[in-house]
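Below you'll find the structure, written out as C-alpha cells, and then a few comments.
Just so it is clear, none of the values below were taken in a lab; they were calculated from the coordinates. Predicted model, so just to flag it, every value in this text is computed and none were measured. Reconstructed Cβ throughout: ideal geometry from the backbone, glycine too, with neighbour counts over all protein chains shown.
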Amino acid sequence: MSYTVLSKYVKDISFEIPNFQTFTTLEQEISNYALKFDIKSKALKNNVIEVNTILTMDPNNKVVNKMLMEINYSTIITIQDTKDKKLIEKIVLIEVPNFIYPSIYETFIYLFSQAGIKNLTIEKNVDFEKLYKEGKKS
C-alpha cells in the first residue's frame, strides 16, 4: 500500500508569552510542560485525506505563569490501492506524523529562538508507532 504527500503546510500557530513574568520563568518551568500530540483527519474527496498533526505544550499544575503554544501542521495525502481501514489508520496516525515531524520540530525550535528562549529541549524524534499502540490500549 502506498500514499503520496500532495502538500504540507502550517495551518495554524498559537504562541503566546503573555507577560514578562512568564518570559523570565519559562526556561526554569519548561520541564513542567508536557508535549502532546493530537492527530485528526478528514476525507476531502476520492482517496484524498487531510491529516492535521497538532502539537501542544500542556502545563501541569505547578506552572504559575503559563504560556500557550500550539502548532497545527496539515498534510494532504492521497492513498492508492486500499480500502483497508486499519492500514489507512496506520498511515494517518503513524506514517504521516513521522514524515512531517521534522518540520514541526524546526518550527517549534524557531518560535522559541525568536522569542529569546535559548535553553530549550524538545524530543528530536517521536515514536508515533508507540503513541498509536498506547492509544489503542486506552
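Specify the residue that is nearest to the chain's Cα centre (by Cα); the eligible residues are those in segment 34-49 that are aliphatic (A, V, I, L, M) and farther than 16 Å from Y101 by Cβ.
If we take residues in segment 34-49 being aliphatic (A, V, I, L, M) and farther than 16 Å from Y101 by Cβ, then A34 is nearest to the chain's Cα centre (by Cα).
How many of the residues in segment 121-134 are assigned to a helix (DSSP H, G or I) and surrounded by 11 or more Cβ atoms within 10 Å (Cβ to Cβ)?
Count: 5.
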